[in-house]
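Heads up: the structure comes next, in structure tokens.
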Amino acid sequence: MPQPFTIQLPIKHVQLGVRLTQVIIALASGITVIGMIVLAVATFMMSDSKFRADHGIDNASSSFASTPQQSTAQLASQTSSGEMAIVPTVRVVAEKQEITVGEKAQLSWEATDDPSLCIASDDWSGDKQSKGNEDVGPLDKAQNYIFTLTCSTKSGTGFGATSVAVKSAAEATPTTPEVPTTPNTGSGNAAQRPKVTFSVSPTSVKVGAAATLRWSVANNPTGCTAGDSWSGGKAASGSQSTGNFGTAGTRTYSLTCINGAGSETARVSVNVTANAPVVPAPVVSLSISPTAITAGSAATLSWSVANNPSVCTASGAWSGGKAASGSQSVSQAGSGTFTYTLSCSNSGGSGARSVTLTVNPAPIYCGGKPGCYGRSALAAHATPGNCWSWNGDWVINLSSYAPVHKGGASAGSLESSAATCNHDMNAILRGAAGISGYRDKRGNAVFTHKPETYSNSGASALAGYRVGYYDPAKP
């Protein structure tokens, strides 16, 4: 039977690739020293002036190297403009150069220079990507199969080819099993009963991966049955994926074949190991309260991070390294929208969360006049002896004003926690309200003070007791 081979050759036209393949194959049949013949053919064709003229290979230079498994030829040619033509180099490889009838040829290939088109020919067919792999078959004849791939760029065409020798079960050279197996068991005539060759590859995988079972049986079995971790009837030769393993453990596969002389069983095992523990990425929780403040006020950021982060970093409107949980008061002098981000990571990945804070401009109280008091300031002076009141926008210290009030016959004071302290005293001064227990020299509980008393002019009797301005809108 002819020896298998592999060849790569850049050429100018697809037709040349097919013809050259056929010439080399024909010459190589029955000859074991492939490299010498391929070299001779390539050298002859490159030296032939008509061949070079027909295919536009002017001023060509060539080099040729050959081994029993692979031959490589490289041709460089110039285009009509004088530029070097881009001719792809195509490499086609068979995983096994020799297989048994009924098995598939496992091919892989790769073409350089980004070809626009790759076409398979001879004993396979169809358009192919510039790089890939494919199982062709099963191949059912004992012969030499040729697999050629021709690839083209805009300026040139190259091809690669390989061959696979397919032998009958009787011709096949016994091979060492791909993986350790337990000894076959059987019954009947040991020489004439089925001879089962059974393997699995790889023998050790991770959860989520798969292995491939391959088998061939000699002595014409009349039937083969799968057992243990697979099932069903099987052909005398073939291959099958185990499927992706979902759990760890050892999986055993058996194949039993029979004929008129007896039966034989072969077993193989796959060790499925667990994947490394998956570390979940951090999950960040981050909140801010309140979400809107006025300039100069503060809000509180609170956060917690699950899945054991190794590092957490603040960014945006805050910064620095942070613990896996905590809280922090934040404020902004100016107004606008501010974003606070917390990013955390560990060996499993990273996670982040952002929140925003709206800062409104600070309000202007008392028209911007200095010495402005609001509700909380007045509430702190709400009892006799510490009594503030207001008349319009003036804040009056009644504890200082009352002792010199000219109501000489008064039975009481203007200081009253129920009527004047932390209250508007304008109605009392204008005679629209009274104070329990307070009388003027005529005994009146309600009376009107003079305008110069209740007015807020510079001449007002209250001017000397004025503390500042009052704005009820101020907290």
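Find the residue count for the stretch 218-249, including only residues that are among the hydroxyl-bearing types (Ser, Thr, Tyr), surrounded by 11 or more Cβ atoms within 10 Å (Cβ to Cβ) and part of a strand (DSSP E or B).
3
Considering the stretch 284-300 alone, what residues qualify as being within 14 Å of residue 343 (Cβ to Cβ) and surrounded by 14 or more Cβ atoms within 10 Å (Cβ to Cβ)?
284, 286
In the stretch 421-464, which residues are surrounded by 18 or more Cβ atoms within 10 Å (Cβ to Cβ) and not in a loop (DSSP other than H, G, I, E, B)?
428, 429, 454
Kindly provide the set of residues from the stretch 111-134 that are assigned to a strand (DSSP E or B), free of Cβ contacts under 8 Å to residues at least 60 places away in the same chain and surrounded by fewer than 18 Cβ atoms within 10 Å (Cβ to Cβ), ordered by number.
117, 126, 127, 131, 132, 133, 134
Keeping to the stretch 318-349, report how many residues are touching a residue at least 60 places away in the same chain (Cβ under 8 Å) and surrounded by 14 or more Cβ atoms within 10 Å (Cβ to Cβ).
4
Those residues that are in a loop (DSSP other than H, G, I, E, B) and under 31 Å from the mean Cα position of the chain (by Cα), I need them from the stretch 250-298; list them, please.
274, 275, 276, 277, 278, 279, 280, 281, 282
Residues of the stretch 299-327 being outside any strand (DSSP E or B) and either within 27 Å of residue 362 (Cβ to Cβ) or in contact with an Asp or Glu (Cβ under 8 Å, 6 or more places away or on another chain) (or both), which ones?
317, 318, 319
Quick one: what pairs do we get from the stretch 459-475, first residue more than 19 Å from residue 362 (Cβ to Cβ), second of a type in the set (S, T, N, Q) and surrounded by fewer than 17 Cβ atoms within 10 Å (Cβ to Cβ), C-beta under 6 Å, 6+ apart or different chains?
Filtered contacts from the stretch 459-475: 461/453; 465/400.
In this structure, is residue 247 touching a residue at least 12 places away in the same chain (Cβ under 8 Å) and over 30 Å from residue 109 (Cβ atoms)?
Spelling it out, residue 247 is indeed touching a residue at least 12 places away in the same chain (Cβ under 8 Å) and over 30 Å from residue 109 (Cβ atoms).
Here's a check for you: in the stretch 178-217, which residue that is in a loop (DSSP other than H, G, I, E, B) and of a type in the set (A, V, I, L, M) is farthest from residue 260 (Cα to Cα)?
So the residue we want is 207.
Counting only residues that are small (Gly, Ala, Ser) and part of a strand (DSSP E or B), which one in the stretch 381-396 is nearest to the chain's Cα centre (by Cα)?
382
Every read-out reported here was derived from the displayed coordinates using simple, explicitly stated rules and does not represent laboratory data. Just so it is clear, the model here is predicted, and its values are computed rather than measured. Cβ sites come from the backbone with ideal geometry, for glycine too, and all protein chains shown count toward neighbours.
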